[in-house]
Amino acid sequence: MNFTEPLLRGHLVKRYKRFLADIMLENDTLITAHCPNSGAMQGLTDPGTPVWVSQSSSPSRKLPYTWQMAEVNGTFVGMNTSNPNELVEEAIYSGIINELQGYETLKREVAYGKNSRIDILLKYPSENLTYVEVKNVHLKRGNRAAFPSSVTARGAKHMRELTEMVREGHKAYIVYVVQRNDCEGFEIAKDIDPVYSEETLKALKNGVEALVYACEVNPTRITISHPLNFAL
């Protein structure tokens with residue numbers, strides 16, 4: 001995923017009201033940017049953290065700037081939760097995600113379950129449908145990436161619905177996209193959300209498959225690069 005315009009560098013002043021961030025750009029302009037991440041964002045919100053924002057020219061946008069990434073201990077970390085769906089679609093088309101090849105059609109945001117929409121729906125010639133739910137991961141604890149970073153009732157619901165798709169004879173995947181490249185593995189943060197952890201383990205035992213992929217992240221582009229081991 002290439003950024004259409006160069007990102008602007010600055011330093012975080014503060015994040016507040018979940019979706020807002022005050023940032024001082026390198027030209028000493030103080031801006032308020034949209035924060036496209038409703039999670040706790042542990043380790044990314046310390047005042048003074050180097051950050052990068054994109055700028056939109058759309059006149060309809062109330063906030064033209066969007067916070068895209070931060071730099072922590074020399075590592076670029078993508079935190080925009082709207083990027084992973086596009087990253088996974090690109091990685092499927094380019095053959096990077098080996099487990100999701102050979103499909104006839106790929107559709108995005110298809111209604112399913114109870115008032116939900118699946119991120120990616122794949123149809124194969126000789127199989128039923130394959131449901132692919134995508135999750136953004138930015139949290140690192142020790143040498144492992146971890147999800148979730150805050151309680152996610154919606155995430156637990158998704159795991160139950162993926163399990164139901166397997167019961168109906170389809171395939172289902174949960175794909176964790178780690179928007180950083182400094183992790184040696186992945187784990188569920190069960191201390192942060194025990195319910196999500198329980199629902200995930202149930203889903204995996206009942207046929208839902210989990211994939212974890214790390215990314216190469218820099219202010220020019222973000223790409224899915226390699227798989228990570230899932231430590232159950």
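How far apart, in nanometres, would the label points at Asp191 and Ser38 be if each is projected 7 angstrom from Cα along the Cα-to-Cβ direction?
Placing both labels 7 Å along Cα→Cβ, they lie 2.6 nm apart.
To the nearest Å, what is the center-to-center distance of segment 160-230 and segment 36-89, using C-alpha atoms only?
Measuring centre to centre over Cα atoms gives 21 Å.
Which links in Lys123/Lys157; Lys17/Lys140; Lys107/Lys140; Lys17/Lys202; Lys135/Lys190; Lys123/Lys190 stretch past 25 Å when you go from one Cα to the other? Don't skip to the answer; put the middle values down first.
On the way: Lys123/Lys157 23 Å; Lys17/Lys140 23 Å; Lys107/Lys140 31 Å; Lys17/Lys202 34 Å; Lys135/Lys190 16 Å; Lys123/Lys190 33 Å.
Long pairs (Cα-Cα over 25 Å): Lys107/Lys140; Lys17/Lys202; Lys123/Lys190.
Would any residue of segment 197-232 have its amide N under 20 Å from a label point 7 Å out along Cα→Cβ of Glu26? List them or say none.
217-222
For an R0 of 45 angstrom, estimate the FRET efficiency from the Cβ-Cβ distance between Asn2 and Glu168 and round to the nearest 0.05.
On the way: r = 38 Å, r/R0 = 0.84.
For Asn2 and Glu168, the calculated efficiency is 0.75.
Roughly what angle does helix 194-205 make with the longest principal axis of the chain, taking Cα atoms, 0 to 90 degrees, to the nearest 10?
Orientation of helix 194-205: about 40 degrees from the principal axis.
Looking at segment 87-232, I'd like the Rg to Rh ratio, where Rg is from alpha-carbon atoms and Rh is Kirkwood's inverse mean 1/r.
Details: Rg = 14.8 Å, Rh = 15.5 Å.
Here the Rg-to-Rh quotient is 0.95.
Between Ala153 and Glu216, with labels modelled 7 Å along Cα→Cβ, what's the label distance in nm to one decimal, could you check?
It is 4.2 nm.
Please work out the ratio of the alpha-carbon Rg of segment 55-155 to 2.2 N^0.38 Å and round it to two decimals. Before the final figure, lay out the partial values.
Values: Rg = 16.7 Å, N = 101, 2.2 N^0.38 = 12.7 Å.
Its radius of gyration relative to the 2.2 N^0.38 Å reference: 1.31.
Measure off 7 Å from each Cα along the Cα-to-Cβ vector at Ser58 and Leu232, then give the distance between these two points in nanometres to one decimal.
Taking the simple label geometry, Ser58 and Leu232 are separated by 4.2 nm.
Just so you know, all these numbers are worked out from the coordinates, no wet-lab data involved. From a predicted model like this one, the values you see are computed outputs, not experimental measurements. Here Cβ is always computed from backbone atoms with ideal geometry, including for glycine, and neighbour counts include all displayed protein chains.
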